[in-house]
Amino acid sequence: MNNFDYDISLYGHLVHDLVFEDFKRYQSVGGMGNVWNALIKIDSNLRINLQPTAIGNALILIDKLKLEKVVSAKLNLKTREPIIYSSHFHHIMYLNRLDDISFIDNIKTGFISADITDDGTVDDDTLKKIDYLFISKKNLWIDVDKLSKIVKGWVILHYPGGSYTTNGVDSFEIPAIPLKNLNILGAGDIFASNFLYKRLYEEDIKKCVTFSHNNTTEMLRERIVED
């Protein structure tokens, strides 16, 4: 890992979030901001490279009782081509909403992971370059097992009750007990962040996903206390 310029490089959307949690209103930095924030909470010594390729705005309504959110967003108000540095992990947010993903071809080191958000699909040629694809059940556009046959590596499908991970040959499920009355904003980003961190040091993917579930639960539980 020390042979790389960075442990993790983040690409994709940097989003100004205006959030309404019932009638409570606040602002936050979403997209790669969620991943960066989670990573430095996990390990403040991580070498993280931020390369936003798009800047946008989002209006978000949170329903804590239903564990749901509704988003209206303009994600590509400003765009740029990122600078590529050697990194153990290159994580892209949100792959299906970026106007230009040609920069992926310039990544020559480490693993490539990506997150999927609402509204949109990803072409097969791009999926064949992704080592780890994170996607929630509500954002699937094809059957997850069919998707795993296209993706280069693993598909990690997460949902409130757990996750299903598959590479088209091997697969496993991990159950989880959803926390109640929770602001789920960024929960998927926290899950991905924990996986990326663990995968820096651990090759067993099931151990990585298990760690991600456990640590994400603890981080979200802290959020309930803060609220």
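What the table below lists for this structure:
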{"quantity": "Mean projection area, nm², convex hull over Cα of the chain", "calculated": "11.5 nm²"}
{"quantity": "Reduced Cα scattering model of segment 103-178, Debye log10 I(q)/I(0), q = 0.15, 0.18, 0.22 Å⁻¹", "calculated": "-0.50, -0.70, -1.00"}
{"quantity": "Anisotropy class of segment 57-155 from Cα gyration tensor, a/c 1.5 cut", "calculated": "oblate"}
{"quantity": "Segment 1-134: projected area of the alpha-carbon convex hull, averaged over directions, in nm²", "calculated": "8.7 nm²"}
{"quantity": "Per-residue Cβ neighbour rank within 10 angstrom, fewest leading, I83, I112", "calculated": "I83, I112"}
{"quantity": "Förster radius 25 Å - calculated FRET efficiency between L77 and F20 (Cβ-Cβ, nearest 0.05)", "calculated": "0.75"}
{"quantity": "Where labels lie 7 Å past Cα in the beta-carbon direction, separation of K108 and L46 in nm", "calculated": "2.6 nm"}
{"quantity": "Candidates per chymotrypsin sites (Phe, Trp or Tyr not before Pro) in segment 148-202, loop by DSSP, up to 16 other Cβ within 10 Å", "calculated": "Y201"}
{"quantity": "For V19, V155, order by how many other beta-carbon atoms lie within 10 Å, fewest first", "calculated": "V19, V155"}
{"quantity": "Span-like helix ranges in the chain, DSSP H, alpha carbon extent 30 angstrom or more, Kyte mean at least -0.5", "calculated": "none"}
{"quantity": "Cα shape, segment 23-92, gyration tensor, a/c 1.5 rule", "calculated": "oblate"}
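Bear in mind these aren't lab numbers, they're just calculated from the coordinates by the rules spelled out. In this text the structure is predicted, and so the values were computed from the model without any measurement. Don't worry about glycine lacking a Cβ; one is built from the backbone with ideal geometry, like all the others, and counts go over all protein chains shown.
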